[in-house]
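Trainee: I'd like to ask some things about the structure below.
The values are calculated or read from the model by the stated rules, or taken from the named source; none is laboratory data. On a predicted model such as this, the values are computed, not experimentally measured, just so you know. Please note: Cβ atoms are built from the backbone with ideal geometry, for glycine as well, and neighbour counts cover all protein chains shown.
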């Protein structure tokens, strides 16, 4: 079936555009960049139609990559139902975003560089989901982190973008360290990193009610997931990552890369199914992240930051779903989130593009007159993310919440309140942008069709994606999970609508209410507005001590004093010794002769002592 | 003491060799130094012949023979070199020919 | 008889050697060296090396030393002047040499197997016939090689010592 072709097309696009792209016209760059994703998408469709109904996994092994002692790691690619969903999301949504970027990046410098990095990202992401063992997955994992860094820092002339890229990479690295430790433990314990082999080995092991090796492994892997998927405590990079171009935010930081953590845990369900402790931790962290990010989203004024915190919050929902055992619902939410979150970001990009680069909500307003298509599509997306009945987000979010109710009712209630907050802040942004009077200084205009067409396609999926019945299709892969009664569904829908209504009241009916609430809640508002001071806390506790240590101990102490001193000192001492010995070469033959006699005498002496040279 | 033990010949050889070294170390004239080298070679020849006697083989004498031949060749070339050095440096004092120093 | 001969000529050799080291004028040193070689020839005779003794007198004392004397005459080498800068040699020389003789003596006495005593006529293998036989059979190759060596030495000496034709 040649699965390796799927990631190959974007890789070729990366190479061609990367090496020769500088000399290409924009149309030619588009041809290779978008064309490679088209090829990949078409091939994915063909593979999936050939493999339908995909009741068992289809694995292809190509060559043995690592052979060290008893450890064998092959370059193997697998396709099963989980992979199929992810492949469709990555190539499908990715294709739409590539098309959109051709319009959005029209007037930007570094056009070919952007597309080559975007293609490279596609390659690594596809490799990640197709991988059949942990190490190959990790290759893709690291690779998407690299592309994230490259693309966040795309506008490398600005300090803020560079720092944001570095921050993303470093924070991810911390998570990756946990991932690596988890992988090492797996190698130690199972002797292999292959998914299928580990799955069959684990099946015969008991479920760990108390902490054991499996719990350690799964917790460490989850640390990696918190880094990649921006959960507590490693979520701080995602809001800053908005410094990159908006299509990047849409593709990488909404639809695909940040869901890699969720995917990885779903892929490792055979491990997580045996460690209820870890799953509980996952659910808790997911839930708290969802709440925290949602509250912060209420106070942000940059439209991209609102959506960034919304991404963190929705990722929290996905982890909550996984944590309570509803794997297929979590993945379903990955899919619907890909649709509406990509749409939200692309729509934001359309707004930004239409008002000359402005991103502050306070300087937008009344845009529905000028950008009707963007208005309609963003309305669809906002309704989807709020969980309005009938839209895709409704089905996925409520599936998770009802599974949560069965697991622990209090989680359901917290999740419902968070859903209400989500609806509130999403519509806050929506109302601020599209209603009222235009508060900016530009001439707003609609975006070209190359940008609005993907918006429309995504809007269609945001609306109708819920009817695709994905969870049932995925369910055979995962352990069974109970869902609560349909009443729960209507309760959460009602809360979401309540959130929308409150937003309408505050921002449209009675403008000015927002400021009075902010003044009334005083310190609480300040706390939330400053994002709970998380960045400041990290800076004081971790960043500054590490930097000080590096500067004084490692740099001045170890590097300059010890290593340089040692090496240079050795050189100096040798020179000194050489200067002493140099005096032997006086040019006087008689001295030389005396030395020779002395030397031969010593030899004789030694030989004499040693027994006459026998 | 009716006969001389062979070891005395060897010790004589050692004494002559040491005298040769002494001449090499203490004399300043190049030609005298060269002659001390010849003295050393002779001392070694004596050693060879003594051992030929001890082992009742003629090989030791053959070696001494070759030593003589080589010493002759060496004397010829060495004295020619001394002549050249004298022409260039105008001195036969070995201490003044010291340009090969660091 | 052998003993007396040995002692006489050994003492002559040592005295001449000392003379070589201690004399100021090179020509005196050359003559002392001739003395050494002569006494060594007698000692060779005692050890049964007749041919070698003859060769010693003819080649060494008769040709090489004559060459030395000629060169001394050519260069007009005068007496040595005192002085010089090899302090290390002056100081360390004598002790080293005494130590050398002592160590050699010790090694000879202790480690060599039982040595014969020398009796004139006891070893008859040093005749010209014997030497010639061995030289031209076993040691033919070194013999030929040394003849090439002499040829090269002649060439070298001629090249080095000729006068530049102005």
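Trainee: Before we move on, is residue A:71 without any contact (Cβ under 8 Å) to a residue 60 or more places away in the chain, in the same structural domain as residue A:16 (by TED's automatic domain parsing) and more than 22 Å from the chain's Cα centre (by Cα)? Full working, then the answer.
Mentor: Details: without any contact (Cβ under 8 Å) to a residue 60 or more places away in the chain: no; in the same structural domain as residue A:16 (by TED's automatic domain parsing): yes; more than 22 Å from the chain's Cα centre (by Cα): yes.
No; evaluated as a whole, the condition is false for this residue.
Trainee: Mind telling me which of the residues A:440, A:420, A:436, A:390 ends up being assigned by TED's automatic domain parsing to the domain that holds residue A:500, closer than 18 Å to residue A:504 by Cβ, in contact (Cβ under 8 Å) with a residue 24 or more places away in the chain and part of a loop (DSSP other than H, G, I, E, B)?
Mentor: None of the other options fit; the residue is A:436.
Trainee: Tell me which residues, restricted to region A:8-31, are within 25 Å of the chain's Cα centre (by Cα) and closer than 22 Å to residue A:92 by Cβ.
Mentor: Scanning region A:8-31 gives A:8, A:9, A:10, A:11, A:12, A:13, A:14, A:17.
Trainee: Starting from region C:96-120, keep only residues that are not assigned by TED's automatic domain parsing to the domain that holds residue C:46, then list their pairs with residues that are part of a loop (DSSP other than H, G, I, E, B) whose Cβ atoms are within a distance under 6 Å, requiring at least 6 positions of separation or different chains.
Mentor: Pairs found: C:111/A:612; C:117/B:3; C:119/B:3.
Trainee: Next question. Go through region A:165-178 and count every residue that is more than 14 Å from the chain's Cα centre (by Cα) and surrounded by 18 or more Cβ atoms within 10 Å (Cβ to Cβ).
Mentor: Here the count works out to 1.
Trainee: A further question on this structure: Within region C:43-57, identify whether any single residue is in contact with a strand residue (DSSP E or B) (Cβ under 8 Å, 6 or more places away or on another chain) and assigned by TED's automatic domain parsing to the domain that holds residue C:6, and answer yes or no.
Mentor: Yes: one or more hits.
Trainee: Counting only residues that are under 11 Å from the mean Cα position of the chain (by Cα) and more than 8 Å from chain C (Cβ to nearest Cβ), which one in region B:30-53 is farthest from residue B:4 (Cα to Cα)?
Mentor: Selected residue: B:33.
Trainee: Let me ask something else about it. Do we find that residue A:248 is at pLDDT 90 or above, touching a helix residue (DSSP H, G or I) at 6+ places or on another chain (Cβ under 7 Å), assigned to a helix (DSSP H, G or I) and buried (at least 24 other Cβ atoms within 10 Å of the Cβ) in this structure?
Mentor: On the way: at pLDDT 90 or above: yes; touching a helix residue (DSSP H, G or I) at 6+ places or on another chain (Cβ under 7 Å): yes; assigned to a helix (DSSP H, G or I): yes; buried (at least 24 other Cβ atoms within 10 Å of the Cβ): yes.
So residue A:248 passes the test.
Trainee: Just one of B:6, B:10 is at pLDDT below 95, within 30 Å of residue C:129 (Cβ to Cβ) and within 14 Å of chain A (Cβ to nearest Cβ); which is it?
Mentor: B:10
Trainee: Condition check: over 24 Å from residue A:255 (Cβ atoms) and either at pLDDT 90 or above or in a helix (DSSP H, G or I) (or both). Does residue A:182 satisfy that?
Mentor: yes
Trainee: Of all residues being within 21 Å of the chain's Cα centre (by Cα), more than 14 Å from chain A (Cβ to nearest Cβ) and buried (at least 18 other Cβ atoms within 10 Å of the Cβ) in region B:78-102, which is farthest from residue C:124 (Cα to Cα)? Just the residue, please.
Mentor: Taking the candidates together, the pick is B:80.
Trainee: It is to be established whether one or more residues within region A:538-559 are in contact (Cβ under 8 Å) with a residue 12 or more places away in the chain, surrounded by 12 or more Cβ atoms within 10 Å (Cβ to Cβ) and more than 14 Å from every other protein chain (Cβ to nearest Cβ).
Mentor: Yes.
Trainee: Considering only region C:125-147, state which residues are more than 10 Å from every other protein chain (Cβ to nearest Cβ) and either over 17 Å from residue C:55 (Cβ atoms) or touching a strand residue (DSSP E or B) at 6+ places or on another chain (Cβ under 8 Å) (or both).
Mentor: C:137, C:140, C:141, C:144
Trainee: Being part of a helix (DSSP H, G or I) and away from chain B (no Cβ under 14 Å) is the filter here; which residues of region A:598-614 pass it?
Mentor: A:602, A:603, A:605, A:606, A:607, A:609
Trainee: Please enumerate the residues belonging to region B:54-77 that are surrounded by 14 or more Cβ atoms within 10 Å (Cβ to Cβ) and outside any helix (DSSP H, G or I).
Mentor: B:57, B:58
Trainee: Might you check whether a residue that is within 14 Å of chain A (Cβ to nearest Cβ) and within 20 Å of the chain's Cα centre (by Cα) occurs anywhere in region B:54-76?
Mentor: No, that holds for no residue.
Trainee: Which residues, taken from region C:137-161, are touching a helix residue (DSSP H, G or I) at 6+ places or on another chain (Cβ under 7 Å) and either touching a residue at least 60 places away in the same chain (Cβ under 8 Å) or farther than 18 Å from residue B:78 by Cα (or both)?
Mentor: Once the filter is applied, which keeps residues that are touching a helix residue (DSSP H, G or I) at 6+ places or on another chain (Cβ under 7 Å) and either touching a residue at least 60 places away in the same chain (Cβ under 8 Å) or farther than 18 Å from residue B:78 by Cα (or both), region C:137-161 yields C:139, C:142, C:143.
The rows are residues; the columns are (1) within 30 Å of residue C:5 (Cα to Cα); (2) modelled with pLDDT of 90 or more.
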| residue | (1), (2) |
| --- | --- |
| C:119 | yes, no |
| C:125 | yes, no |
| C:134 | yes, yes |
| C:144 | no, yes |
| C:150 | no, yes |
| C:155 | no, yes |
| C:162 | no, no |
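Trainee: In this structure, is residue A:289 under 16 Å from the mean Cα position of the chain (by Cα), assigned to a helix (DSSP H, G or I), free of Cβ contacts under 8 Å to residues at least 60 places away in the same chain and assigned by TED's automatic domain parsing to the domain that holds residue A:521?
Mentor: Yes: the conditions hold for residue A:289.
Trainee: Before we move on, is residue C:104 at pLDDT 85 or above, surrounded by 13 or more Cβ atoms within 10 Å (Cβ to Cβ), facing chain A (nearest Cβ under 9 Å) and assigned to a helix (DSSP H, G or I)?
Mentor: Criteria met by residue C:104.
Trainee: Could you list all residues from region B:78-98 that are touching a strand residue (DSSP E or B) at 6+ places or on another chain (Cβ under 8 Å) and not in a helix (DSSP H, G or I)?
Mentor: Answer for region B:78-98, where residues must be touching a strand residue (DSSP E or B) at 6+ places or on another chain (Cβ under 8 Å) and not in a helix (DSSP H, G or I): B:92, B:93.
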